[in-house]
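Asker: Below is a structure I'd like to ask you about.
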Amino acid sequence: MRLSANKTIVKTETWNKNLAKGASLEGRYTGQETFIGNYGETTKYIIEGNDGVTYGVYSSASLARQFKNIPEGAYVWITFDGEGTTKNGRTVKLYTVDYDTEA
């Protein structure tokens, strides 16, 4: 794994792996890391969960669109909405992300 943006990788628990529809995570968004993984460039959003665990939320098109507007330090709520299908017939994971910069 080679970093393309940061010098170090923050150790995290992967959150969005094998999720059931409706699964959610909330906590403080502390930043993101971009690195070269097994499938090319990958972005991981880092969330300090309310349970004291640091979570890595691996990006998807849905998450990337939403996180581009969220400042570091914001309090976020992420919900997995299940899977959908693109016009090309590709299966994608869908998420809803809400945030509050004053929480």
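Asker: Only Cα pairs under 8 Å and at least 6 apart count here; give the relative contact order of the chain as a rounded whole percent.
Answerer: 27 percent
Asker: With runs of 4+ DSSP H residues as the only contributors, calculate the mean residue ellipticity of the chain at 222 nm using -39,500 (n - 2.57) per run, divided by the residue total and rounded to the nearest 500. List each step's numbers first, then the result.
Answerer: Numbers: 1 runs with 7 residues, N = 103.
After summing the helix terms and dividing by residue count, I get -1500 deg cm²/dmol.
Asker: Summing Lys, Arg as +1 and Asp, Glu as -1, what charge do residues with Cβ under 14 Å from the Cβ of SER62 carry, SER62 excluded?
Answerer: +2
Asker: On to the next question. What are the residues whose amide H is under 5 Å from the amide H of ALA74, where those residues sit 5 or more places off or on another chain and H is modelled from the backbone?
Answerer: Those qualifying (amide H under 5 Å, at least 5 residues apart or on another chain) are TYR29.
Asker: Here is a follow-up. Which order, highest average first, do 96-102, 52-58 follow once you tally other Cβ atoms within 10 Å for each residue and take the mean per peptide?
Answerer: 52-58, 96-102
Asker: Still on this structure: Note down the magnitude of the dipole of the chain about its Cα centre, charges +1 on Lys and Arg C-beta and -1 on Asp and Glu C-beta and zero elsewhere, to the nearest 20 debye.
Answerer: The dipole of the chain has a size of about 560 debye.
Read-outs: derived from the displayed coordinates by stated rules, not from any lab. Not measured: the values here are computed from a predicted model. Quick reminder, even Gly has a Cβ in these numbers, built from the backbone with ideal geometry, and neighbours come from all protein chains shown.
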